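Just so it is clear, none of the values below were taken in a lab; they were calculated from the coordinates. Note that the structure is a prediction, hence the values are computed from the model and not measured. All Cβ positions, glycine included, derive from the backbone under ideal geometry; neighbour counts span all protein chains shown.
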Amino acid sequence: MKSTKKIYSILIIFSCLCLIALPQVMAFEPLKGDLSDFDPNNQKFPTSGDTIKVAIWDVFTGPNAFVGQSYWALLGFVVHDINSQGGILVDGKKKLIQIIKADTQGSPAPGKSAAEKAILQDKVVMFQGVAGSHVSKAGQQVAETLKKAIYLNFAAFSDELMDLPDWNRYVFRVNGTSSTCGKSLAYFYAKRPEKKFYILGQDYLWGHSFNAAFKKALKEIRPDAQIVGEVYHPVFTKDFAPYMEKIKASGAEVIVTGAWGADNENIVKQSRQLGLKYPLNPERYIPICSPFIDDTRPLEVIGGPAGVGIVVCTDIYLDRSRPAMKKMGEIWTNLWKNWKAPYNTELYRWNHSGWLRNQHASYWYFKVIEKAGSTDPEKVIAAWEGDVFEFPDLKAWMRPDDHQCIMERPVAEMEFPNTWDQPNNAQSGPPIWIEAKNCMPTFDPKLKGRVTGQELPDFWK
C-alpha cells in the first residue's frame with residue numbers, strides 16, 4: 001500500500017513538472033509584436049495554409065479607392081503585430097491571420113457579391129468595412145443569410161442600421177453613429193458663442209440621419225441656437241457654388257455637413273475659394289463640422305490658416321496625452337517615414353481619428369476570438385456581447401442587446417500651426433472628450449432586453 005502511494009506521489013509530481021515545462025500559450029498584446037519591418041506595400045501575412053482569414057470589404061476601385069487602400073494598411077498593421085507574436089489560439093490550434101480584399105465598388109449589389117465570395121470561396125470568418133450605410137445593409141443581409149462570418153462594421157454610421165429589421169446577431173458595430181456624432185457635436189457647442197447653423201448634408205441615409213441627430217440634440221442642449229438653412233445634395237457633387245451662395249446669404253456661423261470622401265474635399269476647398277467667412281471673426285473662414293473633416297488632402301490645398309476653426313467630431317482621437325495612444329501614434333508615424341507611394345503622403349503620416357478607429361476595432365475582434373477560443377460565429381457572438389476592451393487608453397463596452405459600441409467620444413477644433421509635424425495644413429488641437437452617457441447610440445426598443453436590458457454599464461452611470 002505504501003509503495004502504491006509512493007508511486008502515485010511520484011506520478012503527480014512528475015505530471016506537475018511536465019506541465020510547468022510545457023510551453024505556455026501566450027495571449028497577444030497590442031503593440032507587443034515586432035512592427036519594425038511593417039510596410040503596407042509589402043505585407044508579410046501568410047497567403048495559404050490553415051489561417052484565420054478576414055476581409056477588408058470596401059471600395060478598392062473608383063473615386064474613393066483610397067478608402068480600401070487605407071483600410072488595407074490599417075488592418076495590415078494590426079495583423080503584422082499579432083502574427084509576429086505567433087498568432088492566436090483558436091479551434092485548438094495557434095493560427096496566423098490572412099487578409100483578403102473584397103471590393104464593394106461603393107454600391108450594394110457588387111458589395112453583396114463581394115461579401116458572398118469572401119465568405120463562400122475565400123472562407124473568411126470576418127469581413128470588415130464599410131463606407132456607406134446603403135452598402136452596409138447589403139453586408140448585414142449576407143451575414144445573416146449565410147451565418148458563417150461576423151460582419152464588423154467600423155465605418156457605416158446611420159442609426160437605423162442597428163434597428164430591426166436591418167439588425168441581426170452576426171453584425172457588430174464598433175464605430176460611432178449618427179447619434180453619437182450628432183450629440184457629441186451639439187455638446188461641443190453648448191457653451192460656445194456660435195448660434196446659427198447651416199446644414200449641408202449628403203442626400204442619402206447617412207446624411208439625413210447624422211443631421212437629424214445633431215438637430216435634435218442641439219434643440220435639447222442649446223435651445224437658443226438656430227438652424228438657418230438645411231439642404232441635401234447628391235453624393236459626389238462637383239459644383240457646390242449654388243449651395244455656398246445660400247449659406248453666405250443665411251448669415252450662418254457654422255456649416256454642419258457630415259460629408260465624406262470627394263464631397264468633403266469639394267466642400268472644404270470650394271467654401272474657401274468662394275470666400276465664405278466666419279461672421280463672428282471676418283478674418284477667419286467659416287467653420288465646417290464633420291466626423292471626416294480632418295482629411296489632410298483638401299486641408300493642404302486650402303493652406304493652414306484657412307483650416308483654423310474647422311471641427312471634427314469623430315470616434316477616437318489620437319490623444320498623445322494618453323500613453324498607449326501616444327505609443328501607437330509614434331510607432332505608426334516612424335514607420336511611415338520609409339513608406340513609398342501611395343502611403344507616403346500626409347494622409348497617412350498619423351493613424352489619427354478614423355484610422356485609429358479601424359485599428360481599435362480590429363484589435364478588439366481578435367481579442368474576442370482569442371477569448372472565445374474559436375472563430376465560430378456563435379461562440380464569437382457569445383464572447384463579444386457585454387465585452388469590455390480597454391485599449392488604447394480607452395474603455396469600450398459592447399452593448400449586448402444590439403451589438404453597439406459604447407464609449408466616450410472626442411470633438412476637436414483645427415489649429416495652425418499644429419503639433420502634428422504638418423506645416424502645410426491645419427490639424428486637430430487637443431480634444432474635448434464627451435462622456436459616454438451624453439453621446440449614446442440609439443436603442444431599438446424591440447431589441448432592448450434581448451440579452452440583459454442594460455443600456456449603460458455601471459462604471460459609466
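For the reader, a short list of remarks on this structure follows.
- Percentage, to the nearest whole number, of Cα pairs in segment 325-366 over 11 Å apart: 65
- For segment 170-321, the Cα gyration tensor yields ellipsoid semi-axes of 22, 18, 17 Å (square root of five times each eigenvalue, largest first, whole Å).
- Nearest 10 degrees, 0 to 90: helix 65-83 Cα axis against the chain principal axis: 30
- Trypsin sites (Lys or Arg not before Pro) restricted to segment 329-398 and DSSP loop, no more than 12 other C-beta within 10 Å: Lys337, Lys340
- Counted over the chain, the DSSP beta bridges are approximately 35% antiparallel.
- Calculated FRET value between Arg322 and Ala109, using beta carbons and R₀ = 35 Å, to 0.05: 0.25
- Think of the chain as having a plus end and a minus end, set by charges on the Cβ of Lys, Arg, Asp and Glu; of Gln270, Leu205, Asn334, Asn334 sits farthest toward the positive end of this dipole.
- The alpha-carbon of Lys147 sits under 16 angstrom from the alpha-carbons of these aspartates and glutamates, leaving out residues fewer than 8 places away in its chain: Glu116, Asp122, Asp166, Asp376, Glu378.
- Full extension of the chain between Asn424 and Asp393 gives 8.2 nm of extra length, using 0.36 nm per residue less the Cα-Cα distance.
- Compactness of segment 109-174 is given as radius of gyration and Dmax, 10.5, 31 Å, from Cα positions.
- Long-range amide H partners of Arg284 with built H, under 5 Å: Tyr278
- Low-density loop cleavage sites - trypsin sites (Lys or Arg not before Pro) in segment 181-268, where at most 10 other Cβ are within 10 Å (DSSP): Lys191, Lys238
- Segment 293-441: translational diffusion in µm²/s, Stokes-Einstein, Kirkwood Rh over Cα pairs, 4 °C, 1.567 mPa s: 77
- Near Gln427, the amide H atoms lying under 5 Å from its own belong to Glu415; only residues 5 or more places off or on other chains count, and H is placed 1.01 Å from N.
- Per the Debye formula on identical point scatterers at the alpha carbon atoms of segment 101-249, with no solvent, log10 I(q)/I(0) at q = 0.17, 0.21 Å⁻¹ is -0.95, -1.20.
- By the count of other C-beta atoms within 10 Å, a proxy for reagent exposure, Met414, Met126 are ordered fewest to most as Met414, Met126.
- Number of Lys-Lys pairs in segment 246-353 with C-alpha atoms under 30 Å apart and a separation of 8 or more places or on different chains: 11.
- Percentage, to the nearest whole number, of Cα pairs in segment 45-102 over 14 Å apart: 56
- In angstrom, the C-alpha Rg and Dmax of the chain are 23.7, 101.
- Ranking of Phe66, Phe214, Phe366 by count of other Cβ atoms within 10 Å, fewest first: Phe66, Phe366, Phe214
- Three semi-axes describe the equivalent ellipsoid of segment 366-461; taken as square roots of 5 times the Cα gyration tensor eigenvalues and ordered largest first, they are 33, 18, 11 Å.
- Approximate spin-label separation Asn438-Asn168, in nm, with each point projected 7 Å along Cα-to-Cβ: 3.8
- The separation of segment 211-272 from segment 78-105, counted between C-alpha centres, amounts to 41 Å.
- Extension gain, Leu146 to Lys340, is 66.0 nm, computed as 0.36 nm per intervening residue step minus the present C-alpha separation.
- The label point for Lys461 and the one for Leu35, both projected 7 Å from the Cα toward the Cβ, are 3.7 nm apart.
- Stokes-Einstein diffusion of segment 60-162 at 10 °C, 1.306 mPa s viscosity, Kirkwood radius from Cα pairs, rounded to a whole number: 110 µm²/s.
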